[in-house]
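To keep things clear, I will list the structure first and then write my remarks on it.
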Amino acid sequence: MAEVKLRTPISHEESKALRVGDVVSFSGEFLLCRDKAHARLLEFACQQRPIPVRMEGIPIYHAGPVVRELDRSLRIIAAGPTTSLRMEEYEAHILRHYKPRIVVGKGGMGKRTLEALVDTGGAYAVFPGGAAILAARSIKEVMGVYWMDLGVPDALWHTRVEEFGPCVVTMDSTGGSLHERINSESLGRLRDLLSRQLPSSGVGASACQNLPLKGFDLGRN
Amino acid sequence: MQEEVLVAQVKKLLRMAETCLPADVLEALREAYELESSSLSRMQLQAFIENSRIACEGSLPICQDTGMISFYVSVGDGVQLPGWLSSCLRRAVSELSEEMPLRPNLVSALGRQNLGNVGACAPQVWIEQVPGDNIELAVLPKGGGSENMSSLAMLKPWEGLEGIRRLALSQIQNSGGQPCPPTIVGIGIGGGADVAARLAKKALLRSLKERNGDPEVAGFERELKEEANALGIGPMGVGGRTTVLGVNVEVCDCHVASLPVAINMHCWAARRAKMIISSQGEFKFLSHEVE
């Protein structure tokens, strides 16, 4: 576990060297981009249309900000991360096509994104969810905002950040994923917990182990 | 009571909810910080606590997801409810959305056009009549990440508390870091499908220090909290001892053939605020200390 300060654009070597557990801060350009902007990026990629910003080596941050207009300039006053898993449909394609190399969000992402991180030498990191004011304090400038027709939270926000962190790398280019590990460990603990029953379970559960309670399993959820 | 006065007070209530965490939630986060041993989980909790302090001091939204807003109005049966109450609540949300600002979170469900924060069924206003001479007004702004981890199940009656326990633990495990743990888990039992869902959310209004009045249910709340924390999901799902800050269960009676159960989790930024409007038209804030 290392503490790393990175400046954008982030090179292939820099992103590839990151490992699960590293604590990272970012300075430079940062793209706030969530559901609808992901869909549009993909649409533009398919149609081979140009996008309004450069993305190679510029981290994608899953966030929809609260924005205040001050003296005719836009200020981001709150910008914590949103749930990354909603972007699972898009992220692998975007990592391969636009090469942002770094994705920052919360909650982790799935297998397709992890594969793309391995293929492209990228990394995924989490910022503390809900810590919106801390995040906004590191966002020093709105350099541009595009696709406002998608609404404020879903527009593409091109920003400049200084020491944006603490971000913790949870998925890396070797295929390591803290989320997969926590999920399998907690699933094991869940199975242990559910192998026992409440002493107060109805219908004399302990005396009737082969009766209805046996039909209940994790699958129903 | 004048419309203008009510709008101003509701805006104050909503601003309080959006910017300052209730004392019981802050205390629970601090306890969690002391309890955690790994640097990753402590780092998350430290950020939560620091973020909450700055937000409250600067009257800024704790989280950028300022939420969908629900109002719960308990009207004393001795009170004549003004017909313009709901329109005042809508106005308060609309005005504060510009003034604070709140993030425009409302979209048309199918067309996905952004509508601001006021529209069909938004803000939600639930009005119920209770004995008494006051109006109690509570507000619950809730983010999409935690709301998305909600569920409803129509259990078989024989499944009882054991079935509810299995459902809740599976749901908490399956949600992982997505609802921004440590969460507060609201469980609504009984009524029908609609009532259970409403109870689960309403349960989130209760302080972490209060347990259900029924000793059996209160015991269930305590045990489920302990079991959920044994899952090891931890703050933001990075692993750790604190996956939930508390479990609040609300129960209604239900149909002989049914056992409806709904689960609704609040993120660690468990925003809520409550006030009393007396019959003399005085406003008293219950959830927060007001100078």
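Take chain A, mark every one of the trypsin sites (Lys or Arg not before Pro) that falls in a DSSP loop and has at most 15 other Cβ within 10 Å, then report the longest stretch left between them, sites excluded. Kindly include the intermediate steps, with their values, before the conclusion.
On the way: sites that count: A:Arg19, A:Arg54, A:Arg72, A:Arg196.
With trypsin sites (Lys or Arg not before Pro) excluded where exposed in loops, chain A gives A:73-195 as its longest stretch.
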Shape of chain B, Cα gyration tensor, a/c cut at 1.5: oblate
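Write out the GluC sites (Glu not before Pro) in region A:12-75 meeting two conditions: DSSP loop, and at most 16 other Cβ atoms within 10 Å of their Cβ.
Hits after loop and neighbour filter: A:Glu56.
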MRE, 222 nm, helices only [DSSP H, n ≥ 4, -39500 (n - 2.57), over chain B, to nearest 500]: -12000 deg cm²/dmol
Qualifying trypsin sites (Lys or Arg not before Pro) for region B:146-209 [loop in DSSP, other Cβ within 10 Å: at most 16]: B:Lys209
Interchain or long-range residues, amide H under 5 Å from B:Ala122's placed H: none
Distant-in-sequence amide H partners of A:Arg101 (H built 1.01 Å from N, under 5 Å): A:Gly57
Sequence-distant residues sharing a close amide H with A:Lys140 (under 5 Å, placed H): A:Arg160, A:Val161, A:Glu162
Zero-based 10 Å bins, Cα pair distances in the protein assembly as shown, whole percents: 4, 19, 28, 26, 16, 6, 1, 0
For residues of A:181-188, the mean tally of beta carbons on other chains within 10 Å: 5
Dipole moment magnitude, nearest 20 debye, region A:3-178 about Cα centre, only Lys, Arg, Asp, Glu C-beta charged: 160 debye
Low-density loop cleavage sites - trypsin sites (Lys or Arg not before Pro) in region B:24-125, where at most 14 other Cβ are within 10 Å (DSSP): B:Arg112
Exceeding the 26 Å Cα-Cα cut-off - candidates B:Lys201/B:Lys225; A:Lys106/A:Lys140; B:Lys156/B:Lys209: B:Lys156/B:Lys209
Shielding score for A:69-78, defined as the mean number of other chain Cβ atoms within 10 Å: 2
DSSP beta bridge pairing in chain B, given as percent antiparallel to the nearest 5: 65 percent
Hz values of 3J(HN,Hα) by residue in region B:72-85 - Karplus curve (6.51, -1.76, 1.60), Gly and Pro given as x: 10, 10, 9, 9, x, 5, x, 9, 8, 6, x, x, 8, 4
Residue among B:Pro179, B:Pro235, B:Pro104 with the largest mean-square fluctuation in a Gaussian network model of chain B, springs linking Cα atoms under 10 Å: B:Pro104
Region A:47-57 - phi-based ³J(HN,Hα) in whole Hz, Karplus 6.51/-1.76/1.60, Gly and Pro as x: 8, 6, 9, x, 9, x, 9, 7, 10, 5, x
Listed residues B:Glu250, B:Glu210, B:Glu226, most fluctuating in chain B (Gaussian network, C-alpha, under 10 Å): B:Glu210
Mean separation of Cα contacts under 8 Å, 6 or more apart, over the residue count of chain B: relative contact order %: 25 percent
Cα-based reach from A:Lys5 at 20 Å (exclusive), listing aspartates and glutamates while leaving out same-chain residues under 8 positions away: A:Glu13, A:Glu14, A:Asp22, A:Glu29, A:Glu56, A:Glu141, A:Glu162, A:Glu163, A:Asp172
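Within a 10 angstrom radius of each residue's Cβ in A:59-68, how many Cβ atoms of other chains show up on average? Whole number is fine. Mind dumping the intermediate values first?
Values: counts 0, 0, 0, 0, 2, 6, 2, 11, 4, 3.
Average neighbour count from other chains, rounded to a whole number: 3.
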Calculated from backbone phi, Karplus (6.51, -1.76, 1.60) coupling profile of region B:263-274 in Hz, x at Gly/Pro: 10, 9, 9, 9, 5, 4, 7, 7, 7, 6, 8, 9
Relative contact order of chain A, pairs being alpha-carbon contacts under 8 Å that are 6 or more residues apart, as %: 25 percent
Prolate/oblate/rounded call for region A:3-178, Cα gyration tensor, a/c under 1.5 rounded: oblate
Cα-based Rg of region B:144-266 normalised by 2.2 N^0.38 Å, two decimals: 0.97
Charge tally in the Cβ shell below 15 Å around A:Ser184, where Lys, Arg are +1 and Asp, Glu are -1, A:Ser184 excluded: +1
Chain B: Cys lacking any partner C-beta under 4.7 angstrom: B:Cys63, B:Cys88, B:Cys121, B:Cys252, B:Cys254
Selection from B:Val10, B:Leu89, B:Pro104 lying farthest towards where the dipole of the protein assembly as shown points positive, charges on Cβ: B:Pro104
Formal net charge of residues neighbouring A:Val24 (Cβ-Cβ distance under 13 Å; K, R +1; D, E -1): -1
Between region A:86-111 and region B:66-116, the alpha-carbon center distance in angstrom: 35 Å
For B:Pro101, net neighbour charge (Lys/Arg +1, Asp/Glu -1) across residues whose Cβ lies under 15 Å away: -1
Bridge type composition, chain A - antiparallel percent by DSSP, nearest 5: 60 percent
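Each reported figure results from applying straightforward, stated rules to the coordinates on display, with no laboratory input. Quick caveat, the model's predicted, so the values are computed rather than measured. Don't worry about glycine lacking a Cβ; one is built from the backbone with ideal geometry, like all the others, and counts go over all protein chains shown.
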